[in-house]
Amino acid sequence: MAAHAPLVVVMGVTGSGKSTVGEALSERIGLPFAEGDDFHPPSNIEKMSGGTPLNDDDRLPWLDAIASWLAGRTASGGIISCSALKRRYRDRLAGAVDGLFFLHLDGSPELIGERLEERRDHFMPKGLLRSQFDALEPLTADENGATISVAGPPEGVVQRSLDAIRAPYPLQLAPGVHAYVQPDGGWCLSNAGFVSDGTTTLLVDTAATESRALKLRDTVLASGAPQPTMVVNTHHHGDHTYGNSVFAPAAAVIGHRNCRAEVAANGKQLHLLWPDNDFGEITVNPPNLTYDDTLTLHVGDTEVQLIHPGVAHTTGDTIVWLPQQRVVFTGDLAFHGGSPFIPMGSLTGSLAALDLLRSLGARTVVAGHGSVTDPGVFDATERYLRFVADLAQEGYAAGRTPLEVARTADLGEFAALREPERLAPNLHRAYAELQGRPPGVPLDPLQVFGDMAELNGGTMPTCHA
């Protein structure tokens, strides 16, 4: 099961401030908080109150109860405190929910001991603190998380924790293959990825701002990979292509021929939608190497297939498929935890693209937005698109406008998705197809984005980059 919204385990030894920080984060982010100690069975509390450390047999039911709480909040998100001192404990929790983020509150034994001296409201005696430090296995590079020092005022600890939760992070999917995930996956926060053999590096998509693209470049270099010499754009939208200017001209920019045409035609497209956002110094760099149907690249021994699925999310989409590793980068053909967005493409074409994606046999899926997931995201995306198609069929037959249909729609299971305002522009595309208009034919942007703003309370949604 994969998280659609932030799911955070605030971990650390007793006295590190898990509850204080967790409650503060809950208030700042607007997510529910649960106290992990409340999930202990009475027998565990009795042992700890008596000064007896818990063993693994004691902890497993407790961890499973916390995992169940997390799994029940994949759509809404949540924050829970849990010591999670050992790697195998964290693996047990992460095995229940993909994308789980561990926030390790770290302090010296002396600092934590001083804080425990001041507490009178906890069942664990100070004498057990040393056993917790002895058991602690810090987060490693392949775990999704961050270590935050608890030294200093609580406000600073909370702010550093908040910054860590929202920070982009690399995730190794196979040797030499990484996803680059930008939480929370909302407007303008797209995913990227990179493939390297230590000599050559291929980058999949860039980012919406100069600063985020520079951070992506730094992450690639910090992994030991060299500067990318190939950048693949999965489609023309600015949150996937604005950062091309950080990598070109040293890197060849590769994309479908329609992607090149759309990047060139749309220019600084995000500036038009969000004129007050700071995108940095952006130069429009369309792909300078294009293909029509398929193109195979090689990074050392790793085969990278570029596949055009036809008109789908846009007219120039590219699937990036690594058959040996069974990893696929979908671009915005799939959204994980967010509402699909098809006004510049095709509803029927998007459904066909999902069938193509399923046929590849991927094991790991990097969607255009949201956490890394599995092929189940194709089914979730299809359900949403068929929901849009049914609404459009009924609304069009009744002579209602897309906005009227969107305003009265019962979202059902899709109410938990980010960006519900996208329903209006998606209905515009569905209506165009019912009218027999060709896939990908341009729609009136003022009407499409105006209706989306109306559905969003009269304002454009916020660019999160």
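The values are calculated or read from the model by the stated rules, or taken from the named source; none is laboratory data. Treat the numbers as computed from the prediction; the structure is a model and nothing was measured. Cβ placement follows ideal geometry from the backbone for every residue including glycine, while neighbour counts extend to all protein chains displayed.
Hey, could you check the stretch 170-212 for residues that are in contact with a helix residue (DSSP H, G or I) (Cβ under 6 Å, 6 or more places away or on another chain) and either touching a residue at least 60 places away in the same chain (Cβ under 8 Å) or assigned to a loop (DSSP other than H, G, I, E, B) (or both) and say which is surrounded by the fewest Cβ atoms within 10 Å (Cβ to Cβ)?
P183
Restricted to the stretch 422-447, and to residues that are of a type in the set (S, T, N, Q) and part of a helix (DSSP H, G or I), which residue is surrounded by the fewest Cβ atoms within 10 Å (Cβ to Cβ)?
Per the criteria, the residue is Q447.
Of all residues in the stretch 305-318, which are surrounded by 23 or more Cβ atoms within 10 Å (Cβ to Cβ) and among the hydrophobic types (A, V, I, L, M, F, W, C)?
The answer is V311, A312.
So is S26 surrounded by fewer than 22 Cβ atoms within 10 Å (Cβ to Cβ), touching a Pro at 6+ places or on another chain (Cβ under 7 Å), under 27 Å from V157 (Cβ atoms) and hydroxyl-bearing (S, T, Y) or not?
Criteria met by S26.
Let's see how each residue does on (1) modelled with pLDDT under 95; (2) more than 30 Å from E413 (Cα to Cα); (3) in a loop (DSSP other than H, G, I, E, B); (4) out of contact with any helix residue (DSSP H, G or I) (no Cβ under 8 Å at 6 or more places or on another chain):
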position: S16; (1), (2), (3), (4): yes, yes, yes, no
position: L25; (1), (2), (3), (4): yes, no, no, no
position: L31; (1), (2), (3), (4): yes, no, yes, no
position: D38; (1), (2), (3), (4): yes, no, no, yes
position: P53; (1), (2), (3), (4): yes, yes, yes, no
position: D58; (1), (2), (3), (4): yes, yes, no, no
position: P61; (1), (2), (3), (4): yes, yes, no, yes
position: S76; (1), (2), (3), (4): yes, no, yes, no
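So which residues in the stretch 362-381 are without any contact (Cβ under 8 Å) to a residue 40 or more places away in the chain and of a type in the set (D, E), if there are any at all?
Of everything in the stretch 362-381, just one residue is without any contact (Cβ under 8 Å) to a residue 40 or more places away in the chain and of a type in the set (D, E), namely D379.
How do the pairs read when you match residues in the stretch 307-333 that are closer than 16 Å to S346 by Cα with residues anywhere that are part of a loop (DSSP other than H, G, I, E, B) and among the aromatic types (F, W, Y), using Cβ under 8 Å and keeping only pairs 6 or more apart or on different chains?
That search, which allows pairs on different chains as well, returns H313/F341; D332/F341.
Need the failing condition index for P249 against (1) modelled with pLDDT under 95; (2) under 19 Å from E419 (Cβ atoms), just the number.
With respect to (1) modelled with pLDDT under 95; (2) under 19 Å from E419 (Cβ atoms), P249 is out only on (2).
Just give me the residues in the stretch 303-358 being in contact with a His (Cβ under 6 Å, 6 or more places away or on another chain) and of a type in the set (D, E, K, R), in sequence order.
If the condition is that a residue be in contact with a His (Cβ under 6 Å, 6 or more places away or on another chain) and of a type in the set (D, E, K, R), then D317, D332 are the ones that fit.
Going through P61, P41, P53, P32 one at a time, which residue ends up being farther than 20 Å from Q132 by Cβ and either of a type in the set (F, W, Y) or surrounded by fewer than 20 Cβ atoms within 10 Å (Cβ to Cβ) (or both)?
P32
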